[in-house]
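**Student:** Here's a structure for you.
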Amino acid sequence: MNAVTVKNITKTYDKGKVLAVDNISFEVKEGELFGLIGPDGAGKTSIFRILTTLLLADKGEASVAGFDVIKDYQSIRNNVGYMPGKFSLYQDLTVAENLSFFATVFGTTIEANYDLIKDIYDQIKPFSNRRAGKLSGGMKQKLALCCALIHKPLVLLLDEPTTGVDVVSRKEFWEMLKTLKKQGITILVSTPYMDEANLCERIALLQKGKIMSVDTPENIIKAFPYTLYGAKSDQIYKLLNDLRLNGQVESCYAFGEFLHVTLKEKQENGKKILRVIAEQNGHSNIWIEEIKPGIEDSFILLSGEQG
Amino acid sequence: MTFFTSWHVERADQQINMKQLLAFTKKEFYQVIRDKRTLLIMFGLPIVQIILFGFALTSEVKNVHLIISDNSKDVNTLQIINKIKASSYFSVDESVMGYADIEEAFKQGTVKSALIFPSDFAKDLVHSGKAQVQIIADGSDPNTAKTIVNYLTAIINDYQAQLSPTVGLPYKIIPETRMLYNEEGNGSLNFIPGVMALILMIVCTALTSVSVVKEKELGTMEILLVSPFKPFMVLISKAIPYLALSIANFTVIILLSVYALDVEIKGSILLLFMESILFIITCLSLGLLISNVTASQQTALLISMMGLQIPTLIFTGFMFPLENMPWIFQAISKIIPAHWYYLIVKSVMLKGLGFEGVWKETLILIGMTVVLLTVALKNFKIRLS
């Protein structure tokens with residue numbers, strides 16, 4: 001049984017002028033950790049709001065935990081844990097007050113499901129008398145997760161929980177999600193950070209309201225059809241332009257301190273070809289290696305193909 | 001369907017939980033107490049307004065220049081004049097003036113009030129037990145004029161009461177008052193009920209609407225909606241703490257009026273409280289309605305403060321007499337809840353009437369509240385946008 005089903009969902013804003021979600025379909029299996037990966041404006045938040053019954057889709061059907069988003073909206077509201085993209089707890093209440101408030105509103109007590117939040121709550125417990133507004137970004141997210149979990153939801157819907165959070169806290173946060181997954185909670189999470197995609201079991205790559213691919217991160221990377229090269233020289237920007245202008249090069253873009261390059265035809269000696277091109281253009285300190293593609297490479301390739 | 005346990009389903013059908021309501025109320029109190037700005041609006045505004053209105057609109061007068069034209073010159077008029085002289089309110093000028101002279105003096109502004117005894121004052125009083133006396137006051141300063149008239153009338157009534165038992169006959173001196181230039185003479189001490197209506201209207205409406213809109217703005221509404229908490233319960237939970245705070249607020253206003261401004265509450269305090277609670281609920285409903293149609297705290301505040309203050313000031317009737325307005329304005333005043341509350345408070349507080357005197361206004365106010373509350377609850381969005 002699927003925990004989340006989305007079927008041909010379309011959502012527009014401003015009376016149809018802005019297309020936010022374009023005929024999207026995907027399924028999240030029970031107990032799965034599923035990621036919606038895409039940049040800002042890809043339609044992630046709209047999907048979350050449709051699934052949490054906060055917005056009505058223009059077209060299509062969707063269900064969460066077996067409940068239809070329109071007919072059984074109250075059942076969905078009773079049984080999902082939702083963390084909106086923006087920090088949405090009471091900033092003027094303390095950590096403890098927020099937690100106990102949400103526990104009561106969700107019709108439960110902190111004690112009843114304490115085992116579920118214990119690991120997370122232990123980390124913010126020293127600050128339980130601090131106002132939520134005065135917490136650091138990572139702490140806020142931990143508290144928000146506790147509040148979303150307090151009623152032991154069937155499905156956890158987390159909209160960009162790690163945006164604006166430091167690297168260490170992001171790591172910790174994903175560890176928590178893994179632990180929660182082990183307890184049988186289905187998790188649908190979105191993120192604009194491609195490196196976090198590998199931490200999900202399955203992902204959907206989103207771009208401009210469309211799903212480009214749904215699969216495990218490994219399969220998506222495996223499906224990358226080209227041999228990928230990393231390239232570097234003293235004049236990296238010039239190298240980027242030189243490679244792009246070359247007829248043999250399929251694609252070339254900057255990626256951190258390297259360029260990621262693919263060639264049009266599969267070549268045994270691709271490294272050599274690239275080195276020659278670079279040398280012909282007078283580059284020095286040239287470094288070229290075959291590298292393993294990542295999710296971001298697949299993403300860029302797919303957006304190029306489908307955009 | 002093993003996916004969701006029966007426990008989850010049962011929880012979905014849970015009835016409105018008093019615990020949730022209590023938790024929400026507690027949360028709301030914490031928020032108000034911690035928000036200095038809200039506290040200031042809630043309790044600072046009424047105190048400042050009552051005191052400002054209290055002293056700005058005060059109609060205390062002393063040593064008013066009063067012309068007495070005694071055309072009768074008998075023992076009765078002499079006694080009345082002595083009584084007036086004995087009070088500290090007037091400095092009496094007994095120059096005999098004709099009516100034309102008096103009017104001239106009024107025009108020049110040298111004289112603010114005049115008391116005229118007709119030539120057959122004593123004769124009338126003795127023979128028919130009824131006599132007339134004319135009081136003229138400068139109505140261009142309505143507050144002073146009204147006070148002068150009230151004082152003079154009181155002195156004459158006092159004399160009349162003094163006279164009657166000794167003579168054994170019910171004597172009647174009828175002061176015939178006339179306000180020059182402003183016959184209605186509006187602007188009396190009636191302002192207290194008006195200010196009460198104004199403050200309750202603004203404070204209740206503004207705070208309720210702002211606190212609901214704040215949840216929308218900060219995103220907490222999103223979480224509240226995606227929870228087992230029923231959407232309309234959000235509104236109810238908002239209304240309860242603000243009802244309590246508004247009642248506290250009202251108590252402050254009443255205490256200030258009684259102890260700082262010496263306003264006497266003539267009718268039943270209980271009735272006044274019940275009527276005020278009704279009006280507070282009206283305002284809360286209005287606040288909830290405003291919160292339904294606004295998306296930012298500023299807009300909500302602006303609508304509740306500006307949008308309600310001016311109509312309340314104009315159409316309640318405590319600043320400008322409604323009788324003088326064009327019919328269209330009079331019609332508008334009838335749909336302003338504050339107008340009815342003002343009438344109720346005036347009747348109960350100043351005139352000392354019981355429920356039988358205000359039941360009609362109360363019914364109208366109840367009707368308005370029911371309509372506003374229904375519309376607010378019906379319009380409450382269970383989804384975003």
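**Student:** Every residue in region A:255-272 that is farther than 11 Å from A:I288 by Cβ and either touching a helix residue (DSSP H, G or I) at 6+ places or on another chain (Cβ under 7 Å) or among the β-branched types (V, I, T) (or both), please.
**Tutor:** Listed by number, the residues that qualify are A:H260, A:T262, A:L263, A:Q267.
**Student:** So, of the residues in region A:14-29 that are modelled with pLDDT under 95 and farther than 16 Å from A:G60 by Cβ, which turns out to be farthest from the other protein chains (Cβ to nearest Cβ)?
**Tutor:** Per the stated criteria, the residue is A:K17.
**Student:** Restricting to region B:349-385, name every residue that is in a helix (DSSP H, G or I), out of contact with any Lys or Arg (no Cβ under 8 Å at 6 or more places or on another chain) and either within 14 Å of chain A (Cβ to nearest Cβ) or within 23 Å of B:T251 (Cα to Cα) (or both).
**Tutor:** B:F355, B:V358, B:W359, B:E361, B:T362, B:L365, B:I366, B:T369
**Student:** Continuing with this model, one more query. Of everything in region A:166-219, what is within 24 Å of A:S136 (Cα to Cα) and basic (K, R)? Give them in sequence order.
**Tutor:** A:R170, A:K171, A:K178
**Student:** Something else now. If only one of A:S100, A:S75, A:S88 is touching a Ser or Thr at 6+ places or on another chain (Cβ under 7 Å), within 30 Å of B:E28 (Cβ to Cβ) and either in the same structural domain as A:S136 (by TED's automatic domain parsing) or surrounded by fewer than 20 Cβ atoms within 10 Å (Cβ to Cβ) (or both), which one is it? Before you say what the answer is, go through the steps one by one.
**Tutor:** Working: A:S100 fails: touching a Ser or Thr at 6+ places or on another chain (Cβ under 7 Å); A:S75 fails: touching a Ser or Thr at 6+ places or on another chain (Cβ under 7 Å).
Selected residue: A:S88, the only one of A:S100, A:S75, A:S88 that is touching a Ser or Thr at 6+ places or on another chain (Cβ under 7 Å), within 30 Å of B:E28 (Cβ to Cβ) and either in the same structural domain as A:S136 (by TED's automatic domain parsing) or surrounded by fewer than 20 Cβ atoms within 10 Å (Cβ to Cβ) (or both).
**Student:** Could you tell me whether A:V6 is surrounded by 20 or more Cβ atoms within 10 Å (Cβ to Cβ) and of a type in the set (V, I, T)?
**Tutor:** Values: surrounded by 20 or more Cβ atoms within 10 Å (Cβ to Cβ): yes; of a type in the set (V, I, T): yes.
So A:V6 passes the test.
**Student:** Has region A:112-133 got at least one residue that is part of a loop (DSSP other than H, G, I, E, B), more than 19 Å from A:Y82 (Cβ to Cβ), touching a residue at least 24 places away in the same chain (Cβ under 8 Å) and among the polar types (S, T, N, Q)?
**Tutor:** yes
**Student:** Right, next: In the list A:L99, A:L143, A:L156, which residue meets the criterion of being within 14 Å of another protein chain (Cβ to nearest Cβ) and not in a helix (DSSP H, G or I)?
**Tutor:** One residue alone meets the criteria, A:L156.
**Student:** Report, by residue number, each residue of region A:187-201 that is surrounded by 19 or more Cβ atoms within 10 Å (Cβ to Cβ) and in contact with a Phe, Trp or Tyr (Cβ under 8 Å, 6 or more places away or on another chain).
**Tutor:** Start the filter on region A:187-201 by keeping residues that are surrounded by 19 or more Cβ atoms within 10 Å (Cβ to Cβ), which leaves A:187-191, A:194, A:196-197, A:199-200.
Scanning region A:187-201 gives A:I187, A:L188, A:V189, A:S190, A:M194, A:E196, A:L199, A:C200.
**Student:** Related question: Checking the structure you have, find out if any residue of region B:217-225 is within 14 Å of another protein chain (Cβ to nearest Cβ) and either touching a His at 6+ places or on another chain (Cβ under 9 Å) or of a type in the set (V, I, T) (or both).
**Tutor:** Checking region B:217-225: at least one residue is within 14 Å of another protein chain (Cβ to nearest Cβ) and either touching a His at 6+ places or on another chain (Cβ under 9 Å) or of a type in the set (V, I, T) (or both).
**Student:** Then there's this: Which residue is nearest to the other protein chains (Cβ to nearest Cβ), if the candidates are limited to region B:190-216 and must be surrounded by fewer than 24 Cβ atoms within 10 Å (Cβ to Cβ) and over 19 Å from B:I41 (Cβ atoms)?
**Tutor:** B:K216
**Student:** I would also like to ask the following. Look through region A:69-88, keep the residues that are within 7 Å of chain B (Cβ to nearest Cβ) and outside any helix (DSSP H, G or I), and return whichever of them is nearest to B:A23 (Cα to Cα). It would help to see each step written out before you state the result.
**Tutor:** Just the residues of region A:69-88 that are within 7 Å of chain B (Cβ to nearest Cβ), to begin with: A:74-75, A:77-80, A:82, A:84, A:86, A:88.
Filter once more, so that each one left must be outside any helix (DSSP H, G or I): A:80, A:82, A:84, A:86, A:88.
Numbers: A:V80: 21, A:Y82: 20, A:P84: 22, A:K86: 24, A:S88: 18 Å.
Step by step, filter region A:69-88, then rank; the result is A:S88.
**Student:** Further question: Have a look at A:K11, A:K7 and point out the one that is of a type outside the set (S, T, Y) and either on the phi > 0 side of the Ramachandran plot or away from every other protein chain (no Cβ under 13 Å) (or both).
**Tutor:** Matching residue, one of A:K11, A:K7: A:K7.
**Student:** Look at A:G282 and say whether it is under 33 Å from the mean Cα position of the chain (by Cα) and not aliphatic (A, V, I, L, M).
**Tutor:** Numbers: under 33 Å from the mean Cα position of the chain (by Cα): no; not aliphatic (A, V, I, L, M): yes.
Against the criterion (under 33 Å from the mean Cα position of the chain (by Cα) and not aliphatic (A, V, I, L, M)), A:G282 does not qualify.
**Student:** Where in region A:228-307 are there helices (runs of 4 or more DSSP H), lying fully within it, with 1 or more residues that are under 30 Å from A:D215 (Cα atoms) and of a type in the set (D, E)?
**Tutor:** A:295-306
**Student:** Here are B:I290, B:I303: which of them is within 24 Å of B:P193 (Cα to Cα) and either over 20 Å from the mean Cα position of the chain (by Cα) or of a type in the set (D, E) (or both)?
**Tutor:** Result: B:I303 is the single residue among B:I290, B:I303 that is within 24 Å of B:P193 (Cα to Cα) and either over 20 Å from the mean Cα position of the chain (by Cα) or of a type in the set (D, E) (or both).
**Student:** Okay, moving on. For region B:239-246, check the following and say yes or no: at least one residue is touching a Leu at 6+ places or on another chain (Cβ under 6 Å) and closer than 23 Å to A:H151 by Cα.
**Tutor:** Checking region B:239-246: not a single residue is touching a Leu at 6+ places or on another chain (Cβ under 6 Å) and closer than 23 Å to A:H151 by Cα.
**Student:** Determine, yes or no, whether A:A278 is under 14 Å from A:Q235 (Cβ atoms), modelled with pLDDT of 90 or more, in the same structural domain as A:I236 (by TED's automatic domain parsing) and buried (at least 17 other Cβ atoms within 10 Å of the Cβ).
**Tutor:** Working: under 14 Å from A:Q235 (Cβ atoms): yes; modelled with pLDDT of 90 or more: yes; in the same structural domain as A:I236 (by TED's automatic domain parsing): yes; buried (at least 17 other Cβ atoms within 10 Å of the Cβ): yes.
For A:A278, the condition - under 14 Å from A:Q235 (Cβ atoms), modelled with pLDDT of 90 or more, in the same structural domain as A:I236 (by TED's automatic domain parsing) and buried (at least 17 other Cβ atoms within 10 Å of the Cβ) - is met.
**Student:** Here are A:S233, A:S303, A:S298, A:S284: which of them is among the small types (G, A, S) and surrounded by fewer than 13 Cβ atoms within 10 Å (Cβ to Cβ)?
**Tutor:** A:S284
**Student:** Please indicate, with yes or no, whether at least one residue in region B:60-81 is at pLDDT 80 or above and closer than 29 Å to B:F318 by Cα.
**Tutor:** Looking for residues that are at pLDDT 80 or above and closer than 29 Å to B:F318 by Cα, one finds at least one in region B:60-81, hence yes.
**Student:** Scan region B:135-162 residue by residue and report those that are closer than 15 Å to B:K83 by Cβ, in contact (Cβ under 8 Å) with a residue 24 or more places away in the chain and not aliphatic (A, V, I, L, M).
**Tutor:** B:Y151, B:T153, B:D158, B:Y159
**Student:** Also, quick follow-up: Which ones in region A:23-52 are closer than 14 Å to A:Q207 by Cβ, in a loop (DSSP other than H, G, I, E, B) and not acidic (D, E)?
**Tutor:** A:G38, A:P39, A:G41, A:A42, A:G43
**Student:** How many of the residues making up region A:30-50 are over 23 Å from A:T179 (Cβ atoms) and within 12 Å of chain B (Cβ to nearest Cβ)?
**Tutor:** 4
**Student:** Among the residues of region A:213-225, what is the count of those that are surrounded by 17 or more Cβ atoms within 10 Å (Cβ to Cβ) and either in a loop (DSSP other than H, G, I, E, B) or touching a Gly at 6+ places or on another chain (Cβ under 9 Å) (or both)?
**Tutor:** 3
**Student:** Still on this structure, please answer the following. Output the number of residues of region B:92-123 satisfying the condition of being closer than 22 Å to B:Q160 by Cα and among the polar types (S, T, N, Q).
**Tutor:** Here the count works out to 2.
**Student:** Please list, ordered by first then second residue, the pairs with beta carbon atoms under 6 Å, 6 or more apart or interchain, first in region B:328-352 and on the phi > 0 side of the Ramachandran plot, second surrounded by fewer than 18 Cβ atoms within 10 Å (Cβ to Cβ).
**Tutor:** B:G352/B:K266
The values are calculated or read from the model by the stated rules, or taken from the named source; none is laboratory data. Predicted, not measured: the structure shown is a model, and the values here were computed from it. Here Cβ is always computed from backbone atoms with ideal geometry, including for glycine, and neighbour counts include all displayed protein chains.
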